[in-house]
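Down below is the structure, laid out as structure tokens.
Nothing in this text is a laboratory measurement; each read-out follows from the coordinates by a stated rule. On a predicted model such as this, the values are computed, not experimentally measured, just so you know. For neighbour counting, all protein chains shown are included, and Cβ atoms are generated from backbone atoms with ideal geometry for every residue, glycine included.
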Amino acid sequence: MFVLSITLILLGGCATNSPAPVFDKSRTNIKRPQTHVVIPGDTLFSIAWRYGLKYEILADHNGIKPPYIIRPSQVIRLDVAGSTALPAATSPAKTASRQPQPRVQPAPAPKPVTSRNSQIKQTPKASASPQAGQVSGAPQWRWPAGGPLLSSFQSNSGLNKGIDIGGKLGEPVLAAASGKVVYSGSGLRGYGKLLIVKHNETFLSAYAHNNVLRVKEGDFVKAGQIIAEMGSSGTDRVKLHFEIRRDGTPVDPMKFLPRR
């Protein structure tokens, strides 16, 4: 009997290790495959979004130049681990190299007229850049829908990379900030009819589960503009799934959206 009881205890201990596949699932959220084969409907932006990468780094890693055209059956290499730190490391060097230049500019005195003319020429360019989604710094965010908050951002589990906002079928979905539409379609599994808007070189936002998409890739949108109609595509109820990504990494939208 004693031997039998010990055997049952050992078997029970083995049974408690059965949740191991849960950890395997969490690892799949962290690790990514080495390559991705392009299928119809894929874009470089959607591939980068799917695997949590910055699209510029993915493009550079694969030798893809603007306007980032890819074709079905093309193999995209995803082994860019560690590369995401490169822009942050190179940008201070660029700014540091620009610091000595302003000290040289005050020296030449006989150029006040040309500098004024250059300033006049640059003024319309600066006003046009926000329309092109090239706003420097963090965008001025606003809520993309007025419904209740259904679920919040989950940074650790990876189950929810944004927030879910409730609403009724057909309610307007608004651009949370000005920018350029870089993806419009339903090629990303689990997102339904999806829009991705590029606001600048740092920030992207996504609007998922729409019923109708009102804008297309390449369109420039303004903050508060109606870009879609709320729906339930790719999910079990009417809602808007909203994400903000900084340098390709999902961040909590509640840290950027204004208080209601």
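What to note about this one:
- Every Cα-Cα pair in region 132-218 was counted, and those over 19 Å apart are 43% of them.
- Label-point separation in nm, residue 236 to residue 64, each point 7 Å along Cα→Cβ: 3.4 nm
- Spin-label model distance (nm) - residue 259 vs residue 74, 7 Å beyond Cα toward Cβ: 4.7 nm
- Over all directions, the projected convex hull of the C-alpha atoms in region 30-81 averages 3.2 nm² in area.
- For region 205-260, the gyration tensor built on C-alpha atoms gives an oblate shape. Its axis ratio a/c (a ≥ b ≥ c) is at least 1.5, and a/b is not larger than b/c.
- Charge sum, other residues only, whose C-beta stays under 13 Å from residue 234's C-beta, Lys/Arg counted +1 and Asp/Glu -1: +2
- Entries of 54/193; 31/239; 31/216; 54/255 with Cα pairs more than 26 Å apart: 31/239; 31/216
- Along region 171-178 the Karplus relation, 6.51 cos²θ - 1.76 cosθ + 1.60 evaluated at θ = phi - 60°, assigns HN-Hα couplings of 5, x, 10, 10, 5, 6, 6, 5 Hz to successive residues, with x for each Gly and Pro.
- Estimated inter-spin distance, residue 31 and residue 169, nm [label 7 Å along Cα→Cβ]: 4.2 nm
- Descending by average beta-carbon neighbour count within 10 Å, the peptides 223-234, 145-156 line up as 223-234, 145-156, the highest first.
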